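For reference, the structure is listed below as structure tokens.
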Amino acid sequence: MQKAKLALKANPAHKTVIQISETVSVGGADLLVVGGPCTVESQAQMTAVASRMALAPVQALRGGVYKPRTSPYDFQGLGLEGLKILAAVRAKSGLPVITEVMAISQIAEIAAYADVLQVGSRNMQNFDLLKALGNVNRPILLKRGLSATLEEFVMAAEYILSAGNPNVILCERGIRSFDSYTRNVLDLGAVVALKQITHLPVMVDPSHATGKRELVADLARGAIACGADGLIIECHPEPEQSVSDARQALSLEAMADLAASLAPIAAAVGRRLLQPAGMLPQLALV
Ligand code: PEP
Ligand code: MN
């Protein structure tokens, strides 16, 4: 970490708390639990997700509208139509939304609709994108690259910080290894190390880390026990029908159960799990 300056802790108590909406923050006492599908597919899908998440201890929604697919022949996302769907469910549920930005040309459009901009693993070292995100008035969720060392990860955050945006959230999402049983290997050691080295919030994505829904809940709880500041987890009203990452998608009920199960672990490590504000009246009418 020799060249990092802005991401490093000045003292053991140094931590950055990032406000992602009026009522939701990450990096302080409150955990940030984010749920939603890999990909925004329709208004009906996102309304179902938002309605259920608003009744669970889940504080934000996720959903990709520009998707980094391995194959160019796979669905690439709804783009602007998807952003409008996110904005609509955000307004109705009161939950802030997180979505991925893949290119500099998408930044202004996405920043107009989303509360947090995600940089995906495949773009962790897209240095021009990182520099451009330094000028954005939105927090950035920076996912660890597929095979990035912690030094490379912290230096990627340093690009955004040094370009002027102090609100960077790190996200461990599993790294490539030799065993194909799981999609990736969740590096909980990295979570502990990053919390010691940097003052930035550290989140964990157990969905992409494992690629298997039956492994997600236990690793989510393990991540909170290890000091993670939050979780970002994929869930879908019809998990098997997900247009992307179906094998790792939780049902909405499983997601709500998982979120509720975090409360005693949060308390054991001195954190809090915000309880749902409840469904706003107009959501029930959709
Ligand atoms: C995603 O969040 O859907 C995603 C593509 O994640 P990652 O960049 O971690 O693979
Ligand atoms: Mn996904």
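If you look at just the Cα atoms of the stretch 74-142, how large are its Rg and its Dmax in Å?
Spelled out, the Cα radius of gyration and Dmax of the stretch 74-142 are 12.0, 36 Å.
In terms of the Cα gyration tensor, with a ≥ b ≥ c the square roots of its eigenvalues, is the stretch 1-129 rounded because a/c is under 1.5, prolate because a/b exceeds b/c, or oblate?
Because a/c hits 1.5 or more and a/b fails to exceed b/c, the stretch 1-129 counts as oblate.
Just add up the charged neighbours of LYS9: K/R +1, D/E -1, any other residue whose Cβ is under 10 Å from the Cβ of LYS9.
Taking every other residue near LYS9 into account, the sum is +2.
Just name one of PRO96, LEU78, GLN59: the one whose Cα is farthest towards the positive end of the charge dipole of the stretch 31-116 (beta-carbon charges, Lys/Arg +1, Asp/Glu -1).
Going by the charge dipole, the pick is GLN59.
Would you mind getting the accessible area per residue of the stretch 136-242, heavy atoms of the protein chains only, 1.4 Å probe, in Å²?
I get 35 Å² per residue for the stretch 136-242.
Projected area of the stretch 153-202, taken from the Cα convex hull and averaged over every viewing direction, in nm²?
3.8
Once you list every other residue whose beta carbon is under 12 Å from the beta carbon of THR23, what net charge do they have if Lys and Arg are +1 and Asp and Glu are -1?
-3
May I ask you to rank LEU188, LEU274, LEU250 by accessible area, largest first, using a 1.4 Å probe over the protein chains only?
From most accessible down to least: LEU274, LEU188, LEU250.
Might you report the magnitude of the Cβ-based charge dipole of the stretch 72-202 about its Cα centre, with Lys and Arg at +1 and Asp and Glu at -1, to the nearest 20 debye?
Roughly 280 debye for the stretch 72-202.
Considering the zone a paramagnetic label at ASP128 would reach in this model (a point 7 Å from Cα along the Cα-to-Cβ line), which residues of the stretch 99-115 have amide N under 17 Å from it?
101-108
Using a 1.4 angstrom probe on heavy atoms only, work out the carbon and sulfur share of the accessible area of the stretch 141-211 in %.
Ligands and nucleic acids excluded, carbon and sulfur reach 54 percent.
Jot down the radius of gyration and Dmax of the chain, Cα atoms only, both in angstrom.
Considering the chain through its Cα atoms, Rg and Dmax are 17.2, 55 Å.
Below 8 Å between Cα atoms, with a sequence gap of 6+, how large is the relative contact order for the stretch 144-216 in percent?
So the answer I get is 31 percent.
Could you tell me which of ASN184, VAL136, ALA156 has its Cα farthest along the dipole of the stretch 122-209 towards the positive end, charges placed at Cβ (Lys, Arg +1; Asp, Glu -1), taken about the Cα centre?
VAL136
With an 8 Å Cα cut-off and a minimum separation of 6 or more residues, compute the relative contact order for the stretch 56-194 in percent.
Relative CO of the stretch 56-194 lands at 16 percent.
So what is the relative contact order for the stretch 164-286, in percent, with contacts set as C-alpha pairs under 8 Å and at least six apart?
Relative contact order here is 20 percent.
By how many nm would the segment from GLU109 to VAL185 grow when fully extended, if each residue of separation counts as 0.36 nm and the alpha-carbon distance is taken off?
24.0 nm
Find how much the distance from LYS9 to SER251 grows on full extension, using 0.36 nm per residue of separation minus their present alpha carbon separation; answer in nm with one decimal.
83.3 nm
How compact is the stretch 85-184 by the rule of thumb for globular proteins, expressed as Cα Rg over 2.2 N^0.38 Å?
1.13
If the viscosity is 1.002 mPa s and the temperature 20 °C, what translational diffusion coefficient in µm²/s does Stokes-Einstein give for the stretch 139-286 when Rh comes from Kirkwood over Cα pairs?
For the chosen part, D equals 130 µm²/s.
Along each of its three principal axes, how wide is the spread of alpha-carbon positions in the stretch 208-265, in whole angstrom units, largest first?
That works out to 32, 21, 16 Å along the principal axes.
How far is it, in nm, from the label point at PHE178 to the one at GLU238 when both lie 7 Å from their Cα along the line to the Cβ?
With each label point 7 Å from Cα toward Cβ, the separation is 4.2 nm.
Distance cut-off 18 Å, Cα to Cα: go down the list LYS5/LYS131; LYS9/LYS195; LYS15/LYS195; LYS84/LYS143 and report the pairs above it.
Distance filter (> 18 Å) returns LYS84/LYS143.
Would you mind checking the stretch 13-45 for residues with the amide N under 16 Å from a putative spin-label position 7 Å along Cα→C-beta of GLN275?
Correct set: 31.
What shape does the stretch 125-194 take by its C-alpha gyration tensor, where a ≥ b ≥ c are the square roots of the eigenvalues and a/c under 1.5 counts as rounded, a/b above b/c as prolate, and the rest as oblate?
Prolate shape, in that a/c is at least 1.5 and a/b is the bigger ratio.
Which residue, SER71, SER121, SER177, tops the fluctuation ranking in a GNM of the chain built on C-alpha contacts under 10 Å?
SER71
With only Lys, Arg, Asp and Glu charged, each at its Cβ (+1 for the first two, -1 for the last two), find how big the charge dipole of the stretch 160-236 is about the Cα centre; round to the nearest 20 debye.
Dipole size: approximately 60 debye.
Work out the length of the dipole vector of the chain about its Cα centre, built from +1 on the beta-carbon of each Lys and Arg and -1 on the beta-carbon of each Asp and Glu, and round it to the nearest 20 debye.
So the magnitude is around 500 debye.
How big is the antiparallel share of DSSP beta bridges in the chain, given as a percent to the nearest 5?
Bridges in the chain are about 15 percent antiparallel.
The values are calculated or read from the model by the stated rules, or taken from the named source; none is laboratory data. Values in this document were obtained by computation on a predicted structure and should not be read as measured data. Heads up, the Cβs are rebuilt from the backbone with ideal geometry, glycines too, and the neighbour counts pull from every protein chain shown. Ligands, DNA and RNA are stripped out before the accessible areas are found, and what is left, the full protein with its side chains, is counted by its heavy atoms. Shrake-Rupley method; radii C 1.70, N 1.55, O 1.52, S 1.80 Å.
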